[in-house]
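Below: one structure, written as structure tokens.
The values are calculated or read from the model by the stated rules, or taken from the named source; none is laboratory data. Keep in mind that this is a model prediction, so the values were computed, not measured. Here the Cβ positions follow ideal geometry from the backbone for every residue, glycine too, while neighbour counts run over all protein chains shown. Ligands, DNA and RNA are stripped out before the accessible areas are found, and what is left, the full protein with its side chains, is counted by its heavy atoms. Shrake-Rupley method; radii C 1.70, N 1.55, O 1.52, S 1.80 Å.
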2 protein chains.
Amino acid sequence: MSSQRATAFVPGHVTAFFSAHPAGDPAVAGSRGAGLTLADGVTVRVSAPADAVDGDGNDGDAVDASDRDGGGSDATDGGSRTIDGEAGSIGAVDDVLAELDATAADVAVETDLPIGAGFGVSGAAALGAALAANHAFDRACTENDLVRIAHAAEVGRGTGLGDVVAQARGGVPVRLEPGAPGAGELDGVPATARVEYVTFGELSTETVLDGDTDALTAAGEDALDRLRADPRLPTLMDAAREFAREADLLVPEVAEAVEAVDAAGGEAAMAMLGRTVFALGTGLSDAGYDPEVCRIDAAGARLVDGRDGE
Amino acid sequence: MSSQRATAFVPGHVTAFFSAHPAGDPAVAGSRGAGLTLADGVTVRVSAPADAVDGDGNDGDAVDASDRDGGGSDATDGGSRTIDGEAGSIGAVDDVLAELDATAADVAVETDLPIGAGFGVSGAAALGAALAANHAFDRACTENDLVRIAHAAEVGRGTGLGDVVAQARGGVPVRLEPGAPGAGELDGVPATARVEYVTFGELSTETVLDGDTDALTAAGEDALDRLRADPRLPTLMDAAREFAREADLLVPEVAEAVEAVDAAGGEAAMAMLGRTVFALGTGLSDAGYDPEVCRIDAAGARLVDGRDGE
């Protein structure tokens with residue numbers, strides 16, 4: 001029933017606010033907070049060499065990784081690595097593949113989201129690689145196993161603390177307790193909405209997380225308390241704006257956009273951590289921006305190809 | 001931001017095997033086991049009278065409940081209740097509405113799934129009513145709150161033990177510990193597949209659950225141990241067949257269909273608790289049946305209308 005090839009989709013995730021909770025065990029480390037998962041996300045295609053897979057292999061209708069355009073490929077332990085068709089790899093993805101004994105895979109990461117701008121692309125790529133490699137190599141992990149592996153890889157690389165568990169759930173995830181399944185605890189704000197976003201550039205997650213996070217974490221805990229007392233989207237957006245101010249993370253272009261959306265009667269906030277503003281509904285359009293448009297993702301991370309029983 | 005009207009979709013759920021775990025507190029009671037959630041499911045439309053909602057009410061693009069065809073409506077505490085356009089209500093739905101102080105709602109339940117045949121329609125209707133009523137009445141519950149309310153209603157009515165938590169998650173849910181969020185614990189088999197099913201009639205969940213469940217529970221625990229040791233779809237199907245035999249729940253038409261699918265090289269099992277057989281891929285078609293066809297649902301229960309910020 002293994003397919004040798006598999007494809008996974010993982011939604012983007014804009015964090016509205018968070019508190020950092022480091023720990024020696026990367027599966028226990030993580031963040032509390034809340035955010036929106038987005039129907040704009042990351043697709044990961046994994047292709048296993050035939051001799052690396054036990055089982056009956058090959059289901060004919062899976063997408064052939066060689067159909068991708070873009071000739072670039074970066075051989076790592078035998079398998080190629082591409083990001084949007086160009087040779088390149090992501091640290092957390094490499095660590096996931098090593099953990100699943102799947103470094104021989106060809107791995108293609110594709111996304112329309114900007115990288116390093118607060119959409120959790122590295123976490124999404126890690127989780128997508130875990131889901132697709134598990135299937136292509138017939139590794140028999142559960143969903144919780146795969147989320148744990150991707151979360152630990154992301155935390156180990158210092159590129160994120162809470163994106164992976166949020167992206168696994170979908171919707172509007174609330175991280176009540178930090179960490180991977182078994183340690184962490186999740187809830188969600190039941191909501192569906194159109195989301196607009198504009199990105200002004202990169203902001204280094206590592207630099208912020210490596211600095212003094214005490215003020216940030218105090219502000220994040222306050223924001224979470226507010227949301228738990230009133231778990232609705234407008235409260236989430238208001239708590240996000242207050243968090244950005246209190247944690248002193250607002251950058252000028254984002255502050256200006258948030259103010260412009262507010263002046264036009266909408267709801268916007270900064271994506272943590274990126275030079276990105278996101279808004280509900282037509283908030284950014286109404287304020288005169290030319291945003292990307294998507295929706296809250298209802299499903300969370302999922303295999304989209306690599307079918308059993310077909 | 002309240003919408004007064006909201007629509008939720010909840011996937012069907014065929015239980016492959018289970019063990020029953022009664023408890024005094026219905027949020028703690030439940031079942032262990034595993035099953036498949038289906039893209040065929042239940043849509044619940046809730047409409048709140050204007051005077052029952054705090055907030056700014058009314059977003060113009062929500063579906064108008066009065067657009068439904070079918071003139072039948074059964075006034076209960078003021079609100080109408082329909083199932084597929086005919087007057088009628090479901091006990092667990094009534095209990096959910098009471099818990100959310102939303103009995104004044106007009107509630108329309110729509111499904112293509114057969115009722116009483118092992119697809120978890122009552123649980124899906126309860127969870128869909130919870131999601132939609134929470135939004136329409138602006139009740140500010142979290143997703144976990146709503147799953148807990150729907151699970152308790154379903155357990156209280158004796159119509160199911162594990163469907164609601166499975167339907168909330170989507171995919172191929174594995175119920176590691178019984179009960180609602182806060183008590184129960186879930187994992188999932190990462191898989192996507194085409195699913196076929198044929199129904200031969202109703203089987204009363206209440207009658208089985210009210211009887212002696214010791215043999216059933218022992219068989220269910222064995223099946224769960226097998227799946228946890230090898231969390232893949234073919235193992236789930238095999239464990240389901242063994243469970244049905246050991247728990248002595250197989251009905252003749254289903255046993256015959258399972259054998260026919262096996263003889264044709266496919267994988268089929270009985271949906272617990274219904275006179276229903278489900279198969280992966282083209283299993284039932286290949287065996288000469290004329291099945292309904294759908295896929296594993298990736299998303300789980302979700303609001304599909306009742307949008308914030310639009």
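The table below gives the values:
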| quantity | calculated |
| --- | --- |
| Axis-proximal residue, chain B, for the rotation superposing B on A (Cβ, Å) | B:A299, 2 |
| Cα long-axis angle, helix A:252-263 against chain A (0 to 90 degrees, to the nearest 10) | 60 degrees |
| Helix A:233-246 vs. chain A, principal-axis angle (Cα, 0 to 90°, nearest 10) | 80 degrees |
| Rounded to the nearest 10 Å², the accessible area of A:S204 at probe 1.4 Å | 50 Å² |
| Position B:E202, label points 7 Å along Cα→Cβ, spacing to each other copy in nm (shortest first, one decimal) | 6.3 |
| Helix A:121-136 vs. chain A, principal-axis angle (Cα, 0 to 90°, nearest 10) | 30 degrees |
| Normalised contact order of chain B, rounded percent, pairs of Cα under 8 Å and 6 or more residues apart | 27 percent |
| Pair-distance profile P(r), taking every C-alpha pair of segment B:1-303, with 20 angstrom steps and integer % | 37, 54, 9, 0 |
| Which of B:G85, B:V44, B:T15, positive extreme of dipole for chain B (C-beta unit charges) | B:T15 |
| Loss of accessible area when B meets A, both sides summed, Å² nearest 100, probe 1.4 Å | 3100 Å² |
| Förster radius 22 Å - calculated FRET efficiency between A:L176 and B:L176, Cβ distance, rounded to 0.05 | 0.70 |
| Solvent exposure, largest accessible area first (probe 1.4 Å, DNA, RNA and ligands not counted), of A:E196, A:E292 | A:E292, A:E196 |
| Long-range Cα-Cα pairs in the protein assembly as shown (distance over 39 Å), rounded percent | 29 percent |
| Charge dipole magnitude, Cβ of K and R +1, D and E -1 - segment B:213-310, Cα centre, debye nearest 20 | 220 debye |
| Nm distances between copies for A:D112, ranked from closest, using label points 7 Å along Cα→Cβ | 2.8 |
| Cut-off under 5 Å, modelled amide H: who pairs with A:A87 long-range | A:G72, A:S73 |
| Helical contribution to [θ] at 222 nm, DSSP H n ≥ 4, -39,500 (n - 2.57), averaged over chain B, rounded to 500 | -9500 deg cm²/dmol |
| Cα gyration tensor, segment B:197-295 - rounded (a/c under 1.5), prolate or oblate | oblate |
| Net charge of neighbours whose Cβ lies under 13 Å from the Cβ of A:A239, counting Lys and Arg as +1 and Asp and Glu as -1 | -2 |
| Label point 7 Å beyond Cα along the C-beta direction, distances from B:R295 to other copies (nm, shortest first) | 1.5 |
